[in-house]
Structures are given as structure tokens and as C-alpha cells.
1. So which residues in region 15-45 are basic (Lys, Arg) and part of a strand (DSSP E or B)?
2. I'm checking my understanding of the structure. Among residues of region 46-77 that are modelled with pLDDT of 85 or more and either assigned to a loop (DSSP other than H, G, I, E, B) or charged (D, E, K, R) (or both), which one is nearest to Val11 (Cα to Cα)?
3. Quick one: what pairs do we get from region 38-56, first residue touching a residue at least 40 places away in the same chain (Cβ under 8 Å), second hydroxyl-bearing (Ser, Thr, Tyr) and surrounded by 10 or more Cβ atoms within 10 Å (Cβ to Cβ), C-beta under 7 Å, 6+ apart or different chains?
4. Considering only region 24-41, state which residues are exposed (fewer than 12 other Cβ atoms within 10 Å of the Cβ) and hydrophobic (A, V, I, L, M, F, W, C).
5. How about region 20-40: which of its residues are of a type outside the set (Ser, Thr, Tyr) and farther than 20 Å from Asp2 by Cα?
6. Determine whether Gly14 is of a type in the set (Gly, Ala, Ser) and at pLDDT 95 or above.
7. Go through (1) out of contact with any Gly (no Cβ under 9 Å at 6 or more places or on another chain); (2) surrounded by 10 or more Cβ atoms within 10 Å (Cβ to Cβ); (3) farther than 29 Å from Arg79 by Cα for Ala21 and report which single condition fails.
Amino acid sequence: MDIRYLVAPIVVMGDEKDHCAYVECIKMELGEPDDSGRRRPVPISGSEFQVATDMVIPAISQSPDLDWLKMEDGLELTRWSTFWVD
């Protein structure tokens, strides 16, 4: 697995057999702070590049699926669905 920060996928391209061949991406940079103070990512023009791959796993959302856990085992979650630790 290759984790790249401040990079956004543009398109997933297939080969002649319609198998995943590569993902075209663009580098991002943090823009100026908005009214809330958050610096949102903005594309860097001309920074597109390709990553060869044979599989892409689309992931939507950033919250874990913890339905398989047995909460009676003493596990506690925070309001952000992370584990409570001391």
C-alpha cells in the first residue's frame, strides 16, 4: 500500500480488457484559511501523474464500521468513534 498525502485521484483508467491499469492523480496544496480557519486543499496546476495499479478500493466516508466489536468486553468509544483509552 502506498499512502500519499495532499493528492487527489482524477480518473481510474483501464487496459484493453477493462482491467484497472492506473489512477491519474493531481498534487494538492493547502490554500488560504477560510472564515473558519480551515485551509482547504487546492489542485496544483500541471502536477498530474499516474500510479500503476491492478486494484482500486474506493472508500467513501471516514468513519469506521465497528459493528463486529463486542462492546461488553469493556471497550468504550468516543463521540468520534475512536477507542477511549487512559
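1. Lys27, Arg39, Arg40
2. In this case the residue turns out to be Glu48.
3. Val51/Tyr22
4. Leu30
5. Within region 20-40, Leu30, Gly31, Glu32, Pro33, Asp34, Asp35, Gly37, Arg38, Arg39, Arg40 meet the criteria.
6. Working: of a type in the set (Gly, Ala, Ser): yes; at pLDDT 95 or above: no.
Against the criterion (of a type in the set (Gly, Ala, Ser) and at pLDDT 95 or above), Gly14 does not qualify.
7. Every condition holds for Ala21 apart from (1).
The values are calculated or read from the model by the stated rules, or taken from the named source; none is laboratory data. For clarity, every value in this text was computed on a predicted model and none was experimentally measured. Using ideal geometry, Cβ is built from the backbone for each residue, glycine included, and neighbour counts are taken over all protein chains shown.
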